[in-house]
Structure formats: structure tokens, C-alpha cells
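What follows is one structure encoded as C-alpha cells, with my remarks underneath.
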Amino acid sequence: MPVTPQPSYDLFVIGGGINGAAIACDAAGRGLGVALAEERDFAEGASSRSSKLIHGGLRYLETYDFRLVRHALLEREILMAKAPHLVWPIRLVLPHVPSLRPRWMIRLGLLFYDFLAPRRKLPRSQSIDLRRHEFGRALKPSVTHAFAYSDCRGDDARLVIANVQGAQAHGADIFARHRFVGARRHPDYWQVELENTLTKQRLDIQAKVLVNAAGPWVISVGETIDGVVTARRLRMVRGSHIVVPRLWEGEHGYFLQTRDNRTMEAFPYEGDFTSIGTTDEPWEEAPEKATVSEKEIDYMLDEVNQYLRYPVSRADIVWRYAGVRPLFEVGGGRDGDLSTLTRDYAFEINGGQDQAPALTVFGGKLTTHRRLAEHAMMELESILPWVGACRTRTETLPGGDLGSGGLEGFTEDLLRDFSWLPPKQLCRYAKLYGTQARALLGSAQRPTDLGRSFGADLFAREVDYLMDQEWALTADDIVWRRSKLGLRLSATEIEALGAYMASRRPAWV
């Protein structure tokens with residue numbers, strides 16, 4: 001059903017990316033009255049266009065950002081427990097190239113990475129001889145030595161949805177497809193104006209605290225908030241990826257050193273594909289206009305083909321995507337110089353005492369979203385004390401309560417209980433929805449109960465579920481964010497899906 005605004009909220013969050021969703025989830029879990037508004041689809045910006053890795057950031061050791069690495073590694077462990085269906089271990093292989101970083105430096109860095117990580121679930125790093133190890137089969141024979149270490153992959157867009165659902169489960173009101181128009185400050189509350197982008201109806205909402213978590217749009221949103229002026233300088237950096245058919249057997253990935261002294265990942269993606277990226281290019285246009293440039297494609301192909309036994313070409317690319325990361329400066333820097341930018345996060349609080357407070361969120365990365373949210377609430381607590389304690393360190397996200405058997409055990413149970421469905425389809429349900437897969441399937445007892453087929457293994461029952469329970473409105477919401485079935489559906493099938501979705505009204509509209 002459409003959301004009916006409450007007379008007043010404790011906290012109003014602007015932005016339905018990973019940071020806004022996590023802050024709403026944390027705040028609602030403490031018992032606060034919370035509302036969250038997102039103009040577009042949840043995770044439509046940078047939060048669905050990441051490298052899909054939940055990692056400590058091995059490359060950040062070179063810039064001596066040890067605190068960020070340590071915090072990210074701690075969060076990696078927490079997220080594996082909170083959302084085991086959305087965060088999975090991966091073994092990454094770092095080939096050694098004598099002309100780049102020396103072997104001793106890489107080994108020392110990995111030992112330090114192991115030391116910083118809790119490692120309750122993931123194995124330590126190791127040195128491997130690629131001439132004798134299966135990890136060498138995909139690489140050129142000239143690449144003979146490598147190091148292997150552990151990190152995680154993650155479904156970025158679904159982590160956003162899970163946090164939004166977590167906030168809603170704790171009582172938060174979710175204003176999907178609502179544009180933040182502006183906010184007027186009063187001594188002890190904010191008067192927030194929203195516009196429903198579907199009906200054009202405007203709403204007035206009151207909140208004690210305002211949180212600007214608009215990601216790449218944080219500065220432009222801040223300009224519409226009464227009396228809030230930020231001193232931070234944001235720099236937009238475009239990160240691009242390409243996806244090609246699967247290049248090797250096995251679930252391991254490769255962490256590659258590039259000839260310009262950067263790094264790039266290549267790892268299995270969505271079963272039948274390989275993801276390659278990312279780039280770091282300054283971006284000056286509107287974030288929503290970001291696309292992969294031909295120059296970036298040339299760069300990614302050239303660098304990955306320095307390693308692969310069988311080269312990848314432009315003709316192999318089945319999907320490309322680009323996202324804009326809002327990084328902030330930690331020191332002065334020239335335009336185009338990315339060395340002064342950090343992947344960490346920062347806050348600015350405006351107001352307090354006799355002025356309603358506003359918190360602005362800068363930066364952040366997928367891996368540390370939960371910590372960012374907890375830290376944001378700690379910052380606000382000094383102004384307006386909260387009663388409830390943080391629950392997000394131990395509380396699973398919706399769908400994550402898989403039991404002692406983990407994802408494997410839950411999937412086995414699902415295969416047993418719905419044996420009439422193809423195993424590959426059920427495995428996809430388990431990874432996307434976790435225990436909520438049972439709510440999706442409901443009382444279905446035969447394939448015809450799933451309704452119309454749109455291609456691949458997408459049926460009307462799943463589409464209806466995503467529209468009613470996960471705020472999906474368009475075909476892109478489903479095939480590129482709620483799932484990645486756009487890799488398997490034809491343009492005609494996606495068009496038919498869009499027509500079907502346009503013919504029905506979701507429960508939340």
C-alpha cells in the first residue's frame with residue numbers, strides 16, 4: 001500500500017543507495033521513527049555499478065591507509081554473517097610480474113593483509129607456482145609465479161534492497177520514487193518537501209534530524225537544504241567494467257597489476273560470465289550520464305590480455321556499465337590528480353543546540369556501509385541521544401537467516417521442497433533472496449503456478465513479487481538490479497517484460 005506519512009519522524013534520510021539504506025536500517029533498528037526517500041530506483045546509481053567485491057582493499061596498503069583496510073576487513077567478516085546469501089568468499093590470484101612490484105613487496109603486503117584480517121572464515125594467503133597449479137591454466141605460460149589470497153564477492157544492488165527491507169521491517173517508512181524538493185529549518189525540526197515522481201503529488205514531512213546520503217548528488221541536494229553549507233570538495237571518478245563469456249573453469253578470480261601501476265580484477269560473474277574492471281577516470285558531467293568510453297574498453301582489454309592465455313576482444317563483450325564514485329579530497333591536489341582522493345568516508349554535522357541538525361555523508365565504499373551507518377548514528381547521538389543500541393553487527397539482513405547449514409544447506413532444503421523446479425533456478429532464488437525465496441514461491445506446487453514466462457527462468461510470479469515487495473517498477477529495475485537476467489534475456493523479451501510491468505500497479509504505488 002502507498003505510504004502514509006507520520007506527523008513527525010526522528011530521522012529523515014535522503015538517498016536510497018547503499019549508505020542511505022544502511023543508515024535507515026541502523027536507525028530503525030534502534031527504535032527510531034525513520035523515513036527514507038529515493039527519487040529513482042534503489043541502487044540505481046553507483047550502488048549497483050561497483051566492482052561487486054566485498055574486500056579490505058589490498059591496494060590501499062600502498063597508500064598506507066591501514067585504518068581503512070582494517071575496518072573493511074572487519075566489516076567483510078560481519079557481512080558474511082549478516083547476509084551469507086549475498087556475500088561469498090572468493091580466492092583471488094595475484095600474478096607476479098618482475099618488471100612491476102617486486103615479489104618480496106607483494107608477499108609482505110599479503111602477510112600484513114592476513115595480519116589485519118580476523119580470518120575466522122577465510123584461508124590465509126599463499127605463494128603458488130602457476131606451472132603446477134590449476135590457477136595457471138587461464139594465464140600465459142610466461143606468467144609462472146603468483147600469490148593467492150582471500151576476499152569476497154557481493155551482490156551490491158541486492159545488499160541495498162536488503163538494507164531497505166531491514167529498515168522497513170523495523171518500522172521505517174519507505175518513500176520510493178519520491179524526489180527530495182528541499183527542506184526548511186526550524187529550531188527543533190525540519191520541514192521536508194517531497195514530490196512523488198509518478199503522481200507529481202507533493203508531501204510535507206517533519207523530522208528532527210536530516211541525513212543527506214545522496215552519494216554523487218550530495219552537493220546538489222545540499223544546496224536545497226536551508227542553512228547547510230558544506231566545506232568538502234568532492235571529485236567524481238568514473239569506474240567502468242565489461243562483462244564477457246566465462247574465461248576459465250573454477251571460482252577463483254585474478255587481481256592483476258596494470259602497466260600504469262594500478263590494479264584490475266577479473267572474476268567469475270553470474271555463473272556463465274567473467275567481469276573485468278575497473279577504471280579510474282575523472283568525471284565532470286552529471287553522474288547519471290556516465291557511460292563506458294571506448295578508451296576505457298581499450299585499456300581494460302589491453303591490460304587483461306597481458307595475462308590471459310586466450311585474449312579477449314571487443315566482440316566478446318556482452319555488457320558494459322559505468323558508475324560514478326563521489327570521492328573527497330584529504331589534501332590539496334591538481335585537477336586530474338586522483339592521488340589526494342580517499343575511498344574512506346566522512347561526515348559534516350550542521351546545527352545542534354538551538355538548530356535542527358543535518359548530517360551530510362561524503363564518500364564511502366560498499367564494504368564499509370554498515371560501519372558508516374553505525375558511525376553516523378554515533379555522531380548524531382552526541383546531539384540528540386538515542387535510546388536504542390546498535391543491532392546491525394549481529395542482526396542478519398532479511399533473507400540472511402539461513403541456519404547452521406549456510407547457503408549450501410538452505411539451497412539443499414529448497415531443492416528438496418521444490419523438486420519440481422530446475423536446480424539452477426532454485427540456486428538462483430537462494431542466492432538472490434535467501435530465506436525469502438520461500439515467500440516468493442509461496443504455495444506454488446507446479447511450474448504452471450509460476451505464471452507467464454519472460455525468458456531465461458524469469459516468471460510472472462517472481463516479477464510480481466519484485467514489484468510488490470521490492471519496489472521494482474521498470475524492466476531495468478528487475479533485469480539489471482534485482483537480478484542480472486539482462487545478461488540472458490533478449491531485447492524483445494525485456495521489452496515484453498516492460499509492457500507487462502506497465503500493465504499492473506504495484507502494491508506500494
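The values are calculated or read from the model by the stated rules, or taken from the named source; none is laboratory data. The structure presented is a predicted model; accordingly, all values stated were derived computationally and were not measured. Neighbour counts are summed over all protein chains in view; Cβ atoms, including those assigned to glycine, are modelled from backbone coordinates with ideal geometry. Quick note on the areas: whole protein, heavy atoms, side chains included, nothing else; ligands and nucleic acids left out. Shrake-Rupley method; radii C 1.70, N 1.55, O 1.52, S 1.80 Å.
For this structure, a couple of remarks:
- Residues satisfying the stated conditions in the stretch 30-47, i.e. under 23 Å from Thr396 (Cα atoms) and open to solvent by 10 Å² or more (accessible area, probe 1.4 Å): Arg30, Gly31, Leu32, Gly33, Ser47
- Residue within the stretch 440-461 that is assigned to a loop (DSSP other than H, G, I, E, B), surrounded by fewer than 16 Cβ atoms within 10 Å (Cβ to Cβ), out of contact with any helix residue (DSSP H, G or I) (no Cβ under 7 Å at 6 or more places or on another chain) and at positive phi present: yes
- A search for C-beta distances below 7 Å between a residue of the stretch 93-104 that is under 15 Å from Ser127 (Cβ atoms) and of a type in the set (Phe, Trp, Tyr) and any residue that is open to solvent by 50 Å² or more (accessible area, probe 1.4 Å) and not in a strand (DSSP E or B), counting only pairs 6+ apart in sequence or on different chains, returns nothing.
- In the stretch 385-418, residue farthest from Ala24 (Cα to Cα) [restricted to those that are touching a Leu at 6+ places or on another chain (Cβ under 9 Å) and in a loop (DSSP other than H, G, I, E, B)]: Phe418
- Odd one out for Ala499, checked against (1) open to solvent by less than 40 Å² (accessible area, probe 1.4 Å); (2) more than 23 Å from Glu39 (Cβ to Cβ): (1)
- The set of residues in the stretch 284-316 being open to solvent by 30 Å² or more (accessible area, probe 1.4 Å), under 28 Å from Leu130 (Cα atoms), of a type outside the set (Gly, Ala, Ser) and not in a helix (DSSP H, G or I) consists of Asn305, Gln306, Arg309, Tyr310, Pro311.
- The number of residues in the stretch 66-90 that are open to solvent by 40 Å² or more (accessible area, probe 1.4 Å) and either more than 10 Å from Thr367 (Cα to Cα) or not in a helix (DSSP H, G or I) (or both) comes to 6.
- Here the stretch 481-498 is the region considered, the condition is being over 24 Å from Leu198 (Cβ atoms) and in a helix (DSSP H, G or I), and the residue that is farthest from the chain's Cα centre (by Cα) is Thr492.
- Positions within the stretch 470-480 being outside any loop (DSSP other than H, G, I, E, B) and either charged (D, E, K, R) or in contact (Cβ under 8 Å) with a residue 40 or more places away in the chain (or both), in sequence order: Asp476, Asp477, Trp480
- Residue in the stretch 7-21 that is part of a loop (DSSP other than H, G, I, E, B), among the hydroxyl-bearing types (Ser, Thr, Tyr) and out of contact with any strand residue (DSSP E or B) (no Cβ under 6 Å at 6 or more places or on another chain) present: no
- Some residue of the stretch 222-235 being of a type in the set (D, E, K, R), part of a strand (DSSP E or B), at pLDDT below 95 and open to solvent by 10 Å² or more (accessible area, probe 1.4 Å): yes
- Only residues that are closer than 25 Å to Val3 by Cβ and in a helix (DSSP H, G or I) were counted across the stretch 499-509, and they come to 3.
- The stretch 360-373: number of residues that are under 14 Å from Val13 (Cα atoms) and open to solvent by 10 Å² or more (accessible area, probe 1.4 Å): 1
- Options Thr360, Thr392: the member that is of a type outside the set (A, V, I, L, M, F, W, C), closer than 21 Å to Pro84 by Cβ and either at pLDDT 95 or above or touching a Cys at 6+ places or on another chain (Cβ under 8 Å) (or both): Thr392
- Pair list, Cβ under 7 Å, 6 or more apart: the stretch 378-405 residue touching a residue at least 24 places away in the same chain (Cβ under 8 Å) and open to solvent by less than 90 Å² (accessible area, probe 1.4 Å), other residue part of a loop (DSSP other than H, G, I, E, B) and among the basic types (Lys, Arg): Trp386/Arg30; Gly388/Arg30; Ala389/Arg30; Cys390/Arg30
Residue by residue, here is whether (1) more than 25 Å from the chain's Cα centre (by Cα); (2) of a type in the set (A, V, I, L, M); (3) open to solvent by less than 80 Å² (accessible area, probe 1.4 Å); (4) more than 14 Å from Leu92 (Cβ to Cβ) holds:
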{"position": "Phe115", "(1), (2), (3), (4)": "yes, no, no, yes"}
{"position": "Ser125", "(1), (2), (3), (4)": "yes, no, yes, no"}
{"position": "Arg131", "(1), (2), (3), (4)": "yes, no, no, yes"}
{"position": "Gly136", "(1), (2), (3), (4)": "yes, no, yes, yes"}
{"position": "Leu139", "(1), (2), (3), (4)": "yes, yes, yes, no"}
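- Candidates Gly400, Gly486 - the one that is in contact with a Pro (Cβ under 9 Å, 6 or more places away or on another chain) and under 30 Å from Phe175 (Cβ atoms): Gly400
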